[in-house]
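The values are calculated or read from the model by the stated rules, or taken from the named source; none is laboratory data. Just so you know, these numbers come straight off a predicted model, no measurement behind them. Cβ placement follows ideal geometry from the backbone for every residue including glycine, while neighbour counts extend to all protein chains displayed. These area figures cover heavy atoms from the full protein model, side chains too; ligands, DNA and RNA do not enter into them. Shrake-Rupley method; radii C 1.70, N 1.55, O 1.52, S 1.80 Å.
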Amino acid sequence: MKYYILFGPPGAGKGTQATAMKENYNLRHVSTGELLRNEIAAGTELGLKAKALIDAGALVPDEVVEGMIESLFNSVKDVNGFLLDGFPRTIAQAEALDAMLAKRGEEVTAVVSIMIPDQMIMERIKHRAAIEGRADDANEDTINNRIKTYHDKTEPLVEYYKKAGKYNEADGIGTIEEVRSRIFGIMDKF
């Protein structure tokens, strides 16, 4: 199995590219938000625990999210691997993922990071707001906070995966096809 992690700031095109990555390499796209919603809808033990926490206004702890991901790794068999999007978000989660995979005799295959400059993040999110009517994407202070949060939370992970020799960057500037070609060029090495 291959285990890819997808990084990129808001507006970098992760959603658009994840679909192509999933299809081209027969991967299961794992979005942590979607995973939580699915577990809650299915009424699993982890889903019930997550729902109780969410209903109480609390954050779902790492162990619950990690349990859901491990459960998915154990149950999905008809793919060549997984594309993790939104996990890990912290060094502790990255270490937990490493431990989870080590138990399986596996490891993270590669991190693919779609990079665009901060000014382009602002432009793309404002453009998306105009097209999709998303109020949360129209406020500059909100966008700036999202950019800052991305840098604060993700940059330690970039260093973590660089040290492990797993980090790969794809320039996110250009057409969807140009960026996709760069991403596939990275993934084809593995």
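When residues of the stretch 147-190 are filtered for being out of contact with any Ser or Thr (no Cβ under 7 Å at 6 or more places or on another chain), among the aromatic types (Phe, Trp, Tyr) and open to solvent by 50 Å² or more (accessible area, probe 1.4 Å), how many remain?
Final tally of qualifying residues: 1.
Considering only residues that are part of a loop (DSSP other than H, G, I, E, B), modelled with pLDDT under 95 and closer than 22 Å to Phe190 by Cα, which ones fall in the stretch 79-103?
So in the stretch 79-103, the residues part of a loop (DSSP other than H, G, I, E, B) come out as 79-80, 86-90.
Remaining after also requiring modelled with pLDDT under 95: 86-90.
Hits for the stretch 79-103 are Gly86, Phe87, Pro88.
Cβ-Cβ below 8 Å, separation at least six or inter-chain, first residue in the stretch 45-65 and open to solvent by less than 80 Å² (accessible area, probe 1.4 Å), second polar (S, T, N, Q): which pairs?
Leu46/Ser71; Gly47/Asn38; Asp62/Thr90; Asp62/Gln93; Val65/Thr32; Val65/Gln93
Checking Ala41 against (1) open to solvent by 40 Å² or more (accessible area, probe 1.4 Å); (2) assigned to a loop (DSSP other than H, G, I, E, B); (3) modelled with pLDDT of 90 or more; (4) aliphatic (A, V, I, L, M), which test does it fail?
(2)
Name, by its number, the condition in (1) more than 25 Å from Asp188 (Cα to Cα); (2) surrounded by 15 or more Cβ atoms within 10 Å (Cβ to Cβ); (3) basic (Lys, Arg) that does not hold for Arg28.
Single failed check for Arg28: (1).
Looking at the stretch 97-146 only, could you name the residues that are touching a helix residue (DSSP H, G or I) at 6+ places or on another chain (Cβ under 8 Å), closer than 26 Å to His29 by Cβ and open to solvent by 70 Å² or more (accessible area, probe 1.4 Å)?
Arg104, Glu107, Arg134, Asp136
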